[in-house]
Amino acid sequence: MRIIDDWLTASRTQAVFTALNDAGYRALAVGGCVRNALLGVPVSDIDLATNATPDRVMDVAEAVGFKVVPTGIDHGTVTVISDGTPYEITTFRRDIDTDGRYATVAFSDDVTEDAARRDFTMNALYADASGVIVDPLGGLDDLRARHVRFIGDPVARITEDYLRILRFFRFTAWYGDPALGLDADGLAACADHAEGLARLSRERVGHEIRKLLGAPDPAPALAAMAQTGILQRVLPGADATALPVLIHLEASPGDWTRRLALLGGDTSGLRLSKKEMREVQNLTDAARSDISPFAMGDIYGRDVAQDAMFVQAALLGQDIDPALLAEARDGAKADFPLSASDLMPGLSGPALGSALEAARTLWRSTRGRATHAELIAAARADRKP
């Protein structure tokens, strides 16, 4: 079998293969780019594996004029820039020692040894410059069956890097056959060794959760995580019960923040950016409030308000009402007609702020229909003696 994809046949990619091959080394595309090409889904990153040591990769690449960045040279990885496109090139490796997070590796010239240290059989597929598939461990059959299966002993793979527990659920959500379900041996091993998740950094956990929740339908994987207690380890207090309803309501795959807001729970175990934290918190607050869609749009803006209404509907097990979505959009684009100058000089300082808030509360409750005079009256009624 072979693949013929634009990323592989592109002159910039072929130039990297040619440089290594002409220097007497083997070069193979590996991992996600090969897997996705075989599945007919988009390829984002291109990784290569080679029997050339990192120093030799750098020498060969620089000799033909490529820019080289030693991104992970201690672990055998060099990034080569060809015509503006980065290619991560990693020397064939075998694990010498692991601690559940990181591995000590030795370089190898054997592709089978390199394949054996990877996580899942479908990720241990290689392709040469002409697209011919190299399958040392039988991953092609698993890929055809959409069977996400650990390489060899699941326990051994997990204890090499406990992040593979979360990757098991993420890859099942993205590439597994829903009718097949989760691999039984893999699921049991994940459940039995879930305590190892505590050893992982918040950054790595957060990265996996983002990708998992971004899958077209992560609900079955999240349900399995909940049943095995793994979900509570990474998101204490989370509840995935309503996630299938949200997936049903979404016209297209939803943003991961919306799905995270639906799950709820303590997100402190995830390293989120300030922007992401604010988005999730706003969504969570809006979805669990009892304010009107108009008020929600005014307070949180159109996108957060509409996402929150999807979450609300899912939590209630109801269909989304297009009229309510329209009301939220109206609230987001409406301009509050009262300003501070309308209440000055009679009011100032905290009293002015309180009066404006009272008027805005009335405005929201009337869905923007309150007249200017009514808003003035509400503001003045709030005035304290």
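The values are calculated or read from the model by the stated rules, or taken from the named source; none is laboratory data. A quick note: this is a predicted structure, and the numbers were derived from the prediction, not measured. Cβ: placed from backbone, ideal geometry, glycine included. Neighbour counts: every protein chain shown.
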The range 339-350, subset of a type in the set (A, V, I, L, M) and surrounded by 15 or more Cβ atoms within 10 Å (Cβ to Cβ), residue nearest to GLU374 (Cα to Cα): LEU343
(1) surrounded by fewer than 17 Cβ atoms within 10 Å (Cβ to Cβ); (2) more than 29 Å from LEU143 (Cα to Cα) all hold for ASP45 apart from (2)
Log entry, pairs with first residue in the range 96-115 being closer than 26 Å to LEU200 by Cβ, second being aliphatic (A, V, I, L, M) and modelled with pLDDT of 90 or more, beta carbons closer than 6 Å, six or more apart or on different chains, reads ASP114/ALA49; ALA115/ALA124; ALA115/LEU137
Kindly provide the set of residues from the range 174-193 that are in contact with a Ser or Thr (Cβ under 8 Å, 6 or more places away or on another chain) and assigned to a helix (DSSP H, G or I), ordered by number. LEU187, CYS190, ALA191
Looking at the range 207-219, which of its residues are more than 13 Å from PHE168 (Cβ to Cβ) and surrounded by fewer than 20 Cβ atoms within 10 Å (Cβ to Cβ)? HIS207, ARG210, GLY214, PRO216, ASP217
Helices (runs of 4 or more DSSP H) wholly in the range 263-353 with at least 3 residues that are more than 30 Å from HIS207 (Cβ to Cβ) and within 31 Å of the chain's Cα centre (by Cα) - which ones? 293-300, 322-333
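Residues checked against (1) surrounded by fewer than 16 Cβ atoms within 10 Å (Cβ to Cβ); (2) modelled with pLDDT under 95; (3) within 25 Å of ILE133 (Cβ to Cβ):
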residue: LEU20; (1), (2), (3): no, no, yes
residue: LEU38; (1), (2), (3): no, no, yes
residue: ASP74; (1), (2), (3): yes, yes, no
residue: SER82; (1), (2), (3): no, no, yes
residue: PRO86; (1), (2), (3): yes, no, yes
residue: ILE89; (1), (2), (3): no, no, yes
Could you check, for the range 94-104, whether at least one of its residues is under 18 Å from ALA52 (Cα atoms) and either among the aliphatic types (A, V, I, L, M) or at pLDDT 95 or above (or both)? no
Against the definition (surrounded by fewer than 22 Cβ atoms within 10 Å (Cβ to Cβ) and in contact with a Phe, Trp or Tyr (Cβ under 7 Å, 6 or more places away or on another chain)), how does LEU249 come out, yes or no? yes
Just a yes or no: is a residue in the range 29-42 in contact with a Pro (Cβ under 8 Å, 6 or more places away or on another chain) and either more than 30 Å from THR172 (Cβ to Cβ) or assigned by TED's automatic domain parsing to the domain that holds PHE120 (or both)? yes
Being without any contact (Cβ under 8 Å) to a residue 12 or more places away in the chain and small (Gly, Ala, Ser), is that true of even one residue in the range 231-242? no
Wholly enclosed strands (runs of 3 or more DSSP E) of the range 81-150 bearing at least 3 residues in contact with a strand residue (DSSP E or B) (Cβ under 6 Å, 6 or more places away or on another chain) and under 22 Å from THR13 (Cβ atoms): 85-91
Residue check for THR267: among the β-branched types (Val, Ile, Thr) and surrounded by fewer than 17 Cβ atoms within 10 Å (Cβ to Cβ): no
Within the range 293-318, work out how many residues are surrounded by fewer than 22 Cβ atoms within 10 Å (Cβ to Cβ) and acidic (Asp, Glu). 1
